[in-house]
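Worksheet for the structure shown next.
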Amino acid sequence: DGLSEFNTRFKGTLVGIGARIGRRRNAEDKLVLTVVEPFADAPAGRAGLLKNDVITHIDGHSTTALAVEAAVDRIRGPEKVPVVLTVLRPGEELRRVFVIVREKVLVPSVESTLLSGGVGLISIDHFSQKTHEEVAAALDNLQIQVSNELKGVVIDLRGNTGGSMRRAASVSNYFVDQGMLVRTEGNLGRTVKGLTPQIAAQAGRVRWTGPVAVLVDRRTA
């Protein structure tokens, strides 16, 4: 359900094959269960699943009438237990069969790419308990790509559904070295049970001091 999915994203890990799947239109304009993104360092990527592969069967059961959520539930399961996926790859006539052993995998919350002019783009989908580590790695990787001559950073928070305030503050601390990053208040300024009252920036944690642009939209939490 929605709560368990949120908890999975919040923790940043799950037991499965490590791939995003969804309904996409094929060449016949039919909505089919498709691999949207296989994570490279996960069972799906290592097994050879590719983007746009169509999953026709899960453990021998057809996916034709299966909702995406139900398909995800079937693909996830106990650790070290295999799941069998029957796949039709675009441009091929014969179907492929993948036997993939489930394991604990990281749910990526961050994607990064180098734009023209030496500007780095870091997209943060949500704030899990591991997002700050992913952002730090993304910043390091962008710097390596341009031989430490990064000109600017764009932080894309469009559609970001929120998550851990602590990790959001940790990410902010990579760009801000002083001031209050988070303050929570209840009615009449009272503290709120279960929420951290204040999180201040800590010196020595800044990873980028150059130009920064932040993108938000109406769905940014």
Checked VAL182, VAL216, VAL154 against criteria (of a type in the set (Val, Ile, Thr) and closer than 18 Å to GLN143 by Cα); the one match is VAL154
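Given the condition within 26 Å of VAL119 (Cα to Cα) and not aliphatic (A, V, I, L, M), answer yes or no: does some residue in region 182-196 qualify?
no
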Would you be able to tell me the number of residues in region 118-128 that are open to solvent by 30 Å² or more (accessible area, probe 1.4 Å) and part of a strand (DSSP E or B)? 3
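Of all the residues that make up region 155-185, how many are in a loop (DSSP other than H, G, I, E, B) and in contact with a His (Cβ under 7 Å, 6 or more places away or on another chain)?
Residues meeting the conditions: 3.
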Looking only at region 134-160, filter to residues that are open to solvent by 30 Å² or more (accessible area, probe 1.4 Å) and out of contact with any strand residue (DSSP E or B) (no Cβ under 9 Å at 6 or more places or on another chain); which one of those is farthest from LEU106 (Cα to Cα)? GLU149
Working only within region 72-90, note down all residues that are open to solvent by 90 Å² or more (accessible area, probe 1.4 Å) and free of Cβ contacts under 8 Å to residues at least 60 places away in the same chain. ASP73, ARG74, LYS80
So, in region 150-191, how many residues would count as being within 16 Å of TRP208 (Cα to Cα) and touching a helix residue (DSSP H, G or I) at 6+ places or on another chain (Cβ under 6 Å)? 4
Condition first: in a loop (DSSP other than H, G, I, E, B), surrounded by 12 or more Cβ atoms within 10 Å (Cβ to Cβ), touching a residue at least 60 places away in the same chain (Cβ under 8 Å) and charged (D, E, K, R). Can you find one or more residues in region 209-219 that meet it? no
Given the conditions (1) more than 16 Å from the chain's Cα centre (by Cα); (2) over 15 Å from TRP208 (Cα atoms); (3) surrounded by fewer than 14 Cβ atoms within 10 Å (Cβ to Cβ), and given that LYS104 satisfies all but one, which numbered condition is not satisfied? (1)
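Rundown of residues vs (1) open to solvent by 60 Å² or more (accessible area, probe 1.4 Å); (2) in contact with an Asp or Glu (Cβ under 9 Å, 6 or more places away or on another chain); (3) farther than 30 Å from GLU149 by Cβ, yes/no style:
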site	(1), (2), (3)
ARG25	yes, no, yes
PHE39	no, no, no
GLU69	yes, yes, yes
SER116	yes, no, no
Within region 62-77, can one find any residue that is part of a strand (DSSP E or B) and in contact with a strand residue (DSSP E or B) (Cβ under 6 Å, 6 or more places away or on another chain)? no
Go through the residues of region 17-34 one by one and say whether even a single one is part of a loop (DSSP other than H, G, I, E, B), within 16 Å of THR86 (Cα to Cα) and either at pLDDT 90 or above or under 19 Å from the mean Cα position of the chain (by Cα) (or both). yes
Counting only residues in region 41-60 that are over 19 Å from the mean Cα position of the chain (by Cα) and over 19 Å from ARG24 (Cα atoms), the one least open to solvent (accessible area, probe 1.4 Å) is identified as GLY48
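The values are calculated or read from the model by the stated rules, or taken from the named source; none is laboratory data. Values in this document were obtained by computation on a predicted structure and should not be read as measured data. Using ideal geometry, Cβ is built from the backbone for each residue, glycine included, and neighbour counts are taken over all protein chains shown. Note: accessible area is taken over every heavy atom of the protein model, side chains too, but ligands, DNA and RNA are not part of it. Shrake-Rupley method; radii C 1.70, N 1.55, O 1.52, S 1.80 Å.
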